[in-house]
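Read the structure below first, then the notes.
The values are calculated or read from the model by the stated rules, or taken from the named source; none is laboratory data. All of these numbers come straight from a predicted model, not from anything done at the bench. Here the Cβ positions follow ideal geometry from the backbone for every residue, glycine too, while neighbour counts run over all protein chains shown. For accessibility, only protein heavy atoms count, side chains too; no ligands or nucleic acids. Shrake-Rupley method; radii C 1.70, N 1.55, O 1.52, S 1.80 Å.
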Amino acid sequence: MGIRPGSVVETDKLPSDVRNRAMEAVDACGGRVTIGDVASRAGLKLNEAQKALQALASDTDGFLEVSDEGDVLYVFPKDYRSKLAAKSLRLKFEPLFEKGKAAAEYLIRVSFGTALIASIVIVYTTIIAILSSSRDENDRGRRSRSFDTGFAFYLSPTDLFWYWDPYYYRRRQLRTGDMNFIESVFSFVFGDGDPNQGIEEERWKLIGQYISSNGGVVAAEELAPFLDLKTTEDMSDESYILPVLLRFDGKPEIDEEGNILYQFPSLQRTASSKRSGRKEYVGKRWADWVGGVGKFFREKTWQFSKTSSSERAMAIGLGGLNLFGVIILGTMLQDAITQNGGFIKFVSSIFPLLQIYAGSFFAIPLIRWFLVLQRNAEIENRNRAREQCAQMLELPDISLRRKILSARDMAQKTVIGQDRIVYTTDKDIIEQDVEAREWDQRFREI
């Protein structure tokens, strides 16, 4: 079917992150999924997964299947991505928008390092100009040559060629090795970005896959290694599991011994026939029994800067040189403005900006250093608490062991195969009605 003018593309209404994660989950499951499959694999909320699947099915000629127990499955053609790309203008222009956004963010980040060069040139050129007004031409030329020679040592012309690279910041996080001048300045002042960017998505994927691989019933202690606990004492209050219940539509259940377990019905229904790899718990270490999912969720600590000690020394030295020049220039401008005009008068008008820049060059890293210390202390506490929770599961006491075994007894994972489908939107309803009657007759004979 052609695209009608003004027709609505349902997928364009979805957030880009939700759409991409849902499509990755669909691909991983082979194009035939339940809402629980997508929610667990992509770490999405159930309502987000449902909206994404409905939008994708509407835009890519996907169809629905209904099982004999009323479960709804979404089936997508192999070329559903190309169909969506041909229909959605947003998918076509989104990469260009992302490139433009990345380029704008990049230019803002590197402007601070570039401004250091400009500030040093302006400050010391002005100082030389003021001094030269009271000295002879030879002295002025000798000082100018001396200044130029010293400045060329710090700045290579090749450092500026990568300035227009919009993908620099992303590559900087993945690349190791020496930095050039502007890179080291930027890294010293602003750091190298969040090391945990996108980690929440990975956390919910781990939790969803863990619940799904264990039959949709777990104890709260099993999810503690993936959540945020300050100490293991917080495990006594199971309120920390509430975000998981809200995201995956879980509910508490009481077993025969009075233990509180948590069931996630939507994650118990799957269209994938792949085995989860789950093993019996008795006689197995926790790491072996988990079935491929990480033992606990670990956050990365922040680095003040990835620059080497020599690179930081150069950045600090040039920053100090600039700050010293601004201080000296401030005392000289008071008398020079009345005697000179032109360039010196212009520098006097922008001098407050030069002062702010020189001060912030050291103020920002100092504040950031305290924030990094505080943030890393909190991250290490959370990592330590998660690791201790995982260790408790490796060597559980009798009560915890029985609680986990009870959860496995209540676990139930249902694979919905083609033999359980009683209705599909891919066939004519009259044809399916005949097949349904034949199936019902055979069932009664059995």
(message) Take the conditions closer than 29 Å to Ile182 by Cα and either at pLDDT below 80 or exposed (fewer than 12 other Cβ atoms within 10 Å of the Cβ) (or both) and apply them to Glu69. Does it pass?
(response) no
(request) For the range 62-76, indicate whether the set of residues that are in contact with a Gly (Cβ under 9 Å, 6 or more places away or on another chain) and farther than 17 Å from Ile421 by Cβ is non-empty. (result) no
(message) List the helices (runs of 4 or more DSSP H) inside the range 1-98, counting only whole elements, that have at least 1 residues being under 25 Å from Arg203 (Cβ atoms), of a type in the set (A, V, I, L, M, F, W, C) and in contact with a helix residue (DSSP H, G or I) (Cβ under 8 Å, 6 or more places away or on another chain).
(response) 16-28, 35-42, 46-59
(message) Looking at Thr301, Thr331, can you tell me which residue is open to solvent by 40 Å² or more (accessible area, probe 1.4 Å), β-branched (Val, Ile, Thr) and at pLDDT 90 or above?
(response) Thr301
(request) Within the range 88-124, count every residue that is at pLDDT 85 or above and buried (at least 16 other Cβ atoms within 10 Å of the Cβ). (result) 8
(message) I'm told Tyr281 meets every condition in (1) in contact with a Leu (Cβ under 7 Å, 6 or more places away or on another chain); (2) open to solvent by less than 50 Å² (accessible area, probe 1.4 Å); (3) at pLDDT 85 or above except one. Can you identify the failing condition by its number?
(response) (3)
(request) Collect the residues in the range 190-219 that are part of a helix (DSSP H, G or I) and open to solvent by less than 40 Å² (accessible area, probe 1.4 Å), keeping them in residue-number order. (result) Ile199, Arg203, Trp204, Lys205, Ile207, Gly208, Tyr210, Ile211, Ser212, Ser213
(request) Quick one: count up the residues across the range 384-395 that are buried (at least 17 other Cβ atoms within 10 Å of the Cβ) and more than 18 Å from Asp237 (Cα to Cα). (result) 0
(message) Taking the criterion of being over 14 Å from Thr270 (Cβ atoms), of a type in the set (A, V, I, L, M, F, W, C) and open to solvent by 10 Å² or more (accessible area, probe 1.4 Å), would at least one residue in the range 26-38 satisfy it?
(response) no
(message) I need a count of the residues in the range 11-24 that are under 20 Å from Pro77 (Cβ atoms) and without any contact (Cβ under 8 Å) to a residue 24 or more places away in the chain.
(response) 2
(request) Being open to solvent by 90 Å² or more (accessible area, probe 1.4 Å) and free of Cβ contacts under 8 Å to residues at least 24 places away in the same chain is the filter; apply it to the range 339-372 and report the residue that is nearest to Ala315 (Cα to Cα). (result) Leu366
(request) Under 9 Å between Cβ atoms, at least 6 apart or on separate chains: pull out the pairs that start in the range 42-55 with a residue that is open to solvent by 10 Å² or more (accessible area, probe 1.4 Å) and end on any residue that is assigned to a loop (DSSP other than H, G, I, E, B) and charged (D, E, K, R). (result) Lys45/Asp249; Leu46/Asp249; Asn47/Asp249
(message) Restricting to the range 220-267, give me the number of residues that are part of a loop (DSSP other than H, G, I, E, B), over 27 Å from Ile35 (Cα atoms) and among the small types (Gly, Ala, Ser).
(response) 1
